[in-house]
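These notes concern the structure reproduced below.
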Amino acid sequence: QVQLVESGGGLVQAGGSLRLSCAASGSIFSINVMGWYRQAPGKQRELVALITSGGTPNYADSVKGRFTIARDNVKNTVYLQTNSLKPEDTAVYYCVAWVVVTATSTAARYWGQGTQVTVSS
């Protein structure tokens with residue numbers, strides 16, 4: 001079993017910042033890609049940012065220059081620093097990780113439970 005636990009969401013005014021964290025635990029041999037998706041009310045879940053085990057990031061165009069993703073491979077934790085937040089960033093943010101549980105298994109995708117980010121205008 002693998003668990004992803006997010007923290008750091010909340011209510012912030014436009015222009016403000018939040019730092020989201022997601023820690024993976026359980027039966028983990030290695031973690032390939034980690035990252036964040038988000039889902040606003042009435043909309044589909046969308047990619048925010050991903051980062052490889054080697055530290056290469058990938059961002060959605062809507063957050064480039066404002067959000068920064070980072071990870072700590074020792075702690076199996078991924079972070080999302082969100083700056084210059086806009087009301088349209090309001091959503092539930094979900095952590096995602098592609099986890100290998102044994103030396104001979106392939107990676108499987110796991111999701112966190114989500115953390116709410118609300119940006120007021």
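The values are calculated or read from the model by the stated rules, or taken from the named source; none is laboratory data. Predicted, not measured: the structure shown is a model, and the values here were computed from it. These accessible areas exclude ligands, DNA and RNA; they are computed on the full protein's heavy atoms, side chains included. Shrake-Rupley method; radii C 1.70, N 1.55, O 1.52, S 1.80 Å.
Descriptive notes on the structure:
- Heavy-atom surface of the chain, accessible at 1.4 Å and reported per residue (Å²): 52 Å²
- Rh by Kirkwood over Cα pairs, then Stokes-Einstein D for the chain at 1.306 mPa s and 10 °C, µm²/s: 110 µm²/s
- Carbon plus sulfur fraction of accessible area for the chain, probe 1.4 Å, in percent: 50 percent
- A straight chain from SER7 to ARG109 at 0.36 nm per residue would run longer than the Cα-Cα distance by 34.8 nm.
- Reach of LYS86 by Cα under 16 Å, taken over lysines that are not fewer than 8 positions away in the same chain: LYS64
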